[in-house]
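Any read-out appearing in this document is the output of simple, stated calculations on the displayed coordinates, not a laboratory observation. It should be emphasised that the depicted structure is a prediction, and the values quoted were computed from it without experimental measurement. Heads up, the Cβs are rebuilt from the backbone with ideal geometry, glycines too, and the neighbour counts pull from every protein chain shown.
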Amino acid sequence: MMNKPSRREFLRVAAAAGPLAAIGMSARAQGIEEGFVMGAQSYSFRKFDLAGSIQRLKEVGLDVMEFCAVHFPPDATDEGFAQVKALLAREQVKVPSFGVEGFGGDAAANRKKFEFAKALGVEVLTADPAPEAFDNVEALCEEFGVKIAIHNHGPGARYDKVADVLKAVAGRSPLIGACVDTGHYLRSSEKPHEAIEALGDRVIAVHLKDWIMGGEEQILGKGDMDLVATAKALKAIRFNGPAVMEYEESPDNPVPDMKEGWANWQAAWAQA
């Protein structure tokens with residue numbers, strides 16, 4: 001197991017990896033590295049309206065967002081949906097994923113969320129499906145070509161440990177997999193890179209957060225997550241889904257901390 005690089009080492013690698021940083025911040029698709037999309041989770045900007053959240057996203061240096069219902073409902077029939085799509089198109093913000101959404105035994109309600117995903121161009125719904133939802137959701141995945149990524153949510157949640165997610169996806173369509181929330185795995189005393197290794201090609205999406213085990217959330221790269229090992233694990237499985245930073249601290253002004261975390265991640269990726 002590799003030792004976790006110091007912040008000084010991260011910054012040294014970041015400085016040496018100028019071309020990589022330039023690619024990551026390119027106008028083409030800020031955050032695309034090695035074939036997968038890097039962005040932010042809109043919950044990080046929950047204190048701002050939709051336009052404000054987009055502004056902060058761009059201040060971080062990204063143009064990819066996994067939105068959640070804080071900013072607009074997962075409903076293509078909502079009266080504001082056309083305006084949402086128009087704003088995202090005008091601002092050239094890509095939305096590869098949406099969530100985290102619950103799914104239960106109401107087939108009509110489940111279908112409505114898949115219809116929304118298709119209308120918005122979302123490829124992945126990060127989700128907390130109830131056991132009774134799986135047969136219906138699996139059929140909807142096949143019908144709409146939209147993936148479901150089961151989100152682990154830490155101690156006491158339905159999907160707490162890696163074993164819980166593996167049990168849920170066993171025998172299911174490859175369109176049903178995992179959204180690895182690195183912070184919540186740390187909260188559950190599991191190492192994110194080991195979770196990725198265990199889940200393998202079932203990893204559909206990633207929420208990048210950093211925590212101190214038994215403590216509090218930190219800027220990405222300052223907690224107990226081994227960023228280099230996590231990057232190596234993603235490279236090893238040829239991960240090609242959305243990976244989004246989520247940061248719940250400093251909600252009134254998360255941008256400086258997120259910019260620092262994004263720089264740390266780029267340095268780790270270059271070192272992996």
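Please quote Rg/Rh for the chain to two decimal places, taking the Kirkwood radius as Rh and restricting both calculations to Cα atoms.
0.95
Expressed to the nearest 5 percent, the antiparallel share of DSSP beta bridges inside the chain is 10 percent. For the chain, the 222 nm mean residue ellipticity estimated from helices alone, with every DSSP H stretch of n ≥ 4 adding -39500 (n - 2.57) and the total spread over all residues, rounds to -12500 deg cm²/dmol.
Charged neighbours of ALA51, selected by a Cβ distance under 12 Å, balance to +1 (K, R count +1; D, E count -1).
Counting pairs of alpha carbon atoms under 8 Å apart in space and at least six apart in sequence, what relative contact order in percent does segment 39-271 give?
Values: 461 pairs, mean separation 41.7, N = 233.
Answer for segment 39-271 is 18 percent.
Of the residues MET213, MET225, the one with the fewest other Cβ atoms within 10 Å heads the list, and the complete ranking is MET213, MET225. So what's the net charge close to ILE237: Lys and Arg +1, Asp and Glu -1, counting the other residues with Cβ under 11 Å from its Cβ? Computed value for this residue: +2. Here GLU91, GLU217, GLU142 are placed in order of increasing Cβ neighbour count within 10 Å, fewest first, which gives GLU142, GLU91, GLU217. Lysines near LYS259 by alpha-carbon distance under 27 Å, same-chain residues fewer than 8 away left out - which ones? Cα-Cα hits under 27 Å: LYS4, LYS47, LYS58, LYS85, LYS94, LYS191, LYS209, LYS222, LYS232, LYS235.
Here the residues GLU260, GLU59, ranked from fewest to most Cβ neighbours within 10 Å of their Cβ, fall in the order GLU59, GLU260.
A cut-off under 13 angstrom between Cβ atoms defines the neighbours of ALA149, and their net charge, with Lys, Arg +1 and Asp, Glu -1, is -3. Taking amide H positions as modeled 1.01 Å from N, with prolines and chain starts lacking one, the residues under 5 Å from PHE103 and 5 or more places away or on another chain are ASP128, ALA130. Model label points for ASP252 and GLU132, set 7 angstrom from Cα along the Cα-to-Cβ axis, are 4.4 nm apart.
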